[in-house]
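Everything on this sheet refers to the single structure shown next.
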Amino acid sequence: STGSSGINAEYGERITMKIICLLAVLVVAYAADPINFSSPVWQLAMNLNPADGHVMGYATGWADGKAIGSDATALRMDYLSHWVWKEPADYIAIVRHHHGEIEAVKVFEFTNWGISLLEKNRFQDMNPGRWVVTNGGPIQEEVADDAKHIADDPIFGVNGDLAFNWGYSDNGVRIALTGGHLSGENVNDDNSHGLGNDFWCDPKTGVSHGGGMWAHEISNIQDCPLATCKHVRVQGTDKGHGAHLKSGPVYGNYAIYVSQDAYHFPSPGSELDLEISPY
């Protein structure tokens, strides 16, 4: 009937006006804060190349967030973005790659949200340190079918959660996994392994001793306690001249990406960049 048509038309106009008002609100909100409306993105925070002549041990870069390297060589040499290092990070991805092509990736969700890699429970917080910063293990884990050297890889050859600033006696490792051997606080066994290592330092202040003679960038998973073992296997040549540190094959570069809202990372075979989308 005519009355029914009029009611339907009026109802349609009201719905249209509501949609227009909602779109107007979204446009104003986007103009005020476009970042919060952008697509999820991963940002490159660090890259480790254990054979580029620059030693990223426990004492270098992690706790001060000063820029290392350049954007042009970010995925080929040691690199730290002082901008990204200070950005809030809710998710972290550790990626093993060759010339920017992903070979393996693990993604973790931080237990504490809204803080940067420099803040509480993270790399600047060294006293007491020994922080386990994720819970429940990786939320994504992928390894290429043809990947080699996985069994003793410090990230992909061991399970568990991420441990930051793992200090023990006069030793420290910046990133290790809880599924590996984590030395007791006062145990001087030189036997916790991961990324950013030093076997002679003050782990609570981040100061290396002896001119960095026992610093080393990446050490593999192994059981080599100081009392009985004199052959600590490290990747590449980026290490101090400590007699027990033995150079070995480079398994790849290790890139660290962070994000506030991206929880999935591109799969093996994908190409990396300074910023990448989740898919």
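Structure values in brief
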| read-out | value |
| --- | --- |
| Compactness of the stretch 93-208 as Cα Rg over 2.2 N^0.38 Å, two decimals | 1.08 |
| Table column - 3J(HN,Hα) (Hz), the stretch 121-126, Karplus curve with 6.51, -1.76, 1.60, x for Gly and Pro | 6, 10, 5, 7, 8, 9 |
| Exposed GluC sites (Glu not before Pro) absent - longest run of the chain, DSSP non-H/G/I/E/B, at most 16 other C-beta within 10 Å | 1-118 |
| Estimated [θ] at 222 nm from DSSP helical runs (n ≥ 4, -39500 (n - 2.57)) normalised by residues in the chain, nearest 500 | -4000 deg cm²/dmol |
| Cα-Cα over 20 Å, subset of Lys120/Lys204; Lys86/Lys106; Lys66/Lys86 | Lys86/Lys106 |
| Distance from the stretch 221-252 to the stretch 84-137 (C-alpha centre basis), Å | 24 |
| In Hz, Karplus ³J(HN,Hα) per residue of the stretch 55-69 (6.51, -1.76, 1.60; θ = phi - 60°; x = Gly, Pro) | 8, 8, x, 5, 8, 10, x, 3, 8, 10, x, 6, 4, 10, x |
| Relative contact order, percent, the stretch 169-240 [alpha-carbon distance under 8 Å, six or more residues apart] | 29 |
| Per residue accessible area of the stretch 208-255, 1.4 Å probe, in Å² | 41 |
| The chain, accessible surface, carbon-and-sulfur percent (1.4 angstrom probe) | 55 |
| Cα gyration tensor shape of the stretch 39-103, rounded if a/c is under 1.5, else prolate or oblate by comparing a/b with b/c | oblate |
| ³J(HN,Hα) computed for each position of the stretch 192-207 - Karplus, 6.51 cos²θ - 1.76 cosθ + 1.60, integer Hz, glycine/proline x | 9, 10, x, 9, x, 10, 7, 9, 8, 7, 9, x, 8, 10, x, 9 |
| Value of relative contact order over the stretch 97-219, rounded to a whole percent, pairs C-alpha under 8 Å and six or more apart | 20 |
| Computed P(r) (all Cα pairs; the chain; 5 Å bins; percent) | 1, 6, 12, 16, 18, 15, 9, 5, 3, 3, 3, 2, 2, 2, 1, 1, 1, 0, 0, 0 |
| Average silhouette area of the stretch 218-259, convex hull of alpha-carbon atoms, in square nanometres | 3.9 |
| Accessible area per residue in Å² at 1.4 Å probe, computed on the stretch 86-189 | 41 |
| Computed over the stretch 151-279, the ratio Rg/Rh where both radii use C-alpha atoms and Rh is Kirkwood | 1.00 |
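The values are calculated or read from the model by the stated rules, or taken from the named source; none is laboratory data. As the structure is a computational prediction, the values presented were derived from the model and not from experiment. Note: ideal-geometry Cβ built from the backbone for every residue, glycine included; neighbour counts use all protein chains shown. Note: accessible area is taken over every heavy atom of the protein model, side chains too, but ligands, DNA and RNA are not part of it. Shrake-Rupley method; radii C 1.70, N 1.55, O 1.52, S 1.80 Å.
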